[in-house]
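Input: a single structure, listed below in structure tokens.
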Amino acid sequence: MGQERKGEEEIKRLMTKLGHALADRDRADSAIRKLREALSRGEGSEERQGPEEEKELKELLKRLEETRDEVDELLARASSTLEKLRAISLWRRLAAVFGGILIFIGAMAITTGLFALFLGILSGIMAPEVAEVVGAVAIGLGALLVLSGFAHQLP
């Protein structure tokens, strides 16, 4: 249980970080648009000394756009991975519930088998030899169900 809670907390932290990265990417995209508009209108030309500075500015804009595209790709991959982790977490919970049900049914089968084998509660319904076989089969089946239930409970 503690390990599952730790995993859930880790997923929440990753989702928070993903949200911050998305906000940073949006701010960078806004800055890129402003810079592109300023270059296309020729604003700030009095600050620039010549075409060399404009060329450097265009190169910086190109690198920013490439970085933004890389961040977009990383965000998409991270989001996909987090969704897969959520699905796996849900499947693990369902498997644990199923394991609990198997353990319960197995314990009931073992108990019934023990009663049939040692107390002869089925002797009135069937022959005592058949009741012993049914009791032994119930104990064996119950043991398999309990072991399978424990296997489903493991992380």
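The values are calculated or read from the model by the stated rules, or taken from the named source; none is laboratory data. Source: prediction; values computed, not measured. Positions of Cβ are backbone-derived with ideal geometry, glycine not excepted, and every protein chain shown enters the neighbour counts. SASA here: full protein model, heavy atoms, side chains in, ligands and nucleic acids out. Shrake-Rupley method; radii C 1.70, N 1.55, O 1.52, S 1.80 Å.
Give the stretch 73-92 a look and list any residue that's without any contact (Cβ under 8 Å) to a residue 40 or more places away in the chain, closer than 30 Å to His152 by Cβ and not small (Gly, Ala, Ser), or say none. Of everything in the stretch 73-92, those that are without any contact (Cβ under 8 Å) to a residue 40 or more places away in the chain, closer than 30 Å to His152 by Cβ and not small (Gly, Ala, Ser) turn out to be Thr81, Glu83, Lys84, Ile88, Leu90, Trp91. Residues that are in contact (Cβ under 8 Å) with a residue 12 or more places away in the chain, open to solvent by less than 70 Å² (accessible area, probe 1.4 Å) and of a type in the set (Gly, Ala, Ser): does the stretch 47-68 have at least one? No, the stretch 47-68 contains no residue that is in contact (Cβ under 8 Å) with a residue 12 or more places away in the chain, open to solvent by less than 70 Å² (accessible area, probe 1.4 Å) and of a type in the set (Gly, Ala, Ser). Among the residues of the stretch 110-155, those identified as surrounded by 15 or more Cβ atoms within 10 Å (Cβ to Cβ), within 38 Å of the chain's Cα centre (by Cα) and either polar (S, T, N, Q) or on the phi > 0 side of the Ramachandran plot (or both) are Ser148, Gln153. Taken as a whole, the stretch 26-33 holds no residue that is at pLDDT below 80, open to solvent by 90 Å² or more (accessible area, probe 1.4 Å) and either among the small types (Gly, Ala, Ser) or within 30 Å of Trp91 (Cα to Cα) (or both). Figure legend. Inter-residue proximity from the stretch 13-32: first residues within 13 Å of Asp72 (Cα to Cα), second residues among the small types (Gly, Ala, Ser) and in a helix (DSSP H, G or I), beta-carbon distance below 7 Å, spacing 6+ or different chains. Indicated pairs: Leu18/Ala78; Leu18/Ser79. The condition of being crowded, with 16+ Cβ neighbours inside 10 Å, small (Gly, Ala, Ser) and part of a helix (DSSP H, G or I) holds for Gly99.
Per the listing Ala87, Ala76, the residue uniquely exposed (fewer than 14 other Cβ atoms within 10 Å of the Cβ) and within 30 Å of Leu39 (Cβ to Cβ) is Ala76.
Return the residue satisfying two criteria in turn: it lies in the stretch 2-11 and is over 17 Å from Ser80 (Cβ atoms) and within 11 Å of the chain's Cα centre (by Cα), and of such residues it is modelled with the lowest pLDDT. Looking at residues that are over 17 Å from Ser80 (Cβ atoms) and within 11 Å of the chain's Cα centre (by Cα), I get Glu4.
Would you say Gly106 is surrounded by 13 or more Cβ atoms within 10 Å (Cβ to Cβ), within 30 Å of His152 (Cα to Cα) and either among the small types (Gly, Ala, Ser) or touching a residue at least 60 places away in the same chain (Cβ under 8 Å) (or both)? Don't jump to the end; show me each part of the working.
Values: surrounded by 13 or more Cβ atoms within 10 Å (Cβ to Cβ): yes; within 30 Å of His152 (Cα to Cα): yes; either among the small types (Gly, Ala, Ser) or touching a residue at least 60 places away in the same chain (Cβ under 8 Å) (or both): yes.
It is true that Gly106 is surrounded by 13 or more Cβ atoms within 10 Å (Cβ to Cβ), within 30 Å of His152 (Cα to Cα) and either among the small types (Gly, Ala, Ser) or touching a residue at least 60 places away in the same chain (Cβ under 8 Å) (or both).
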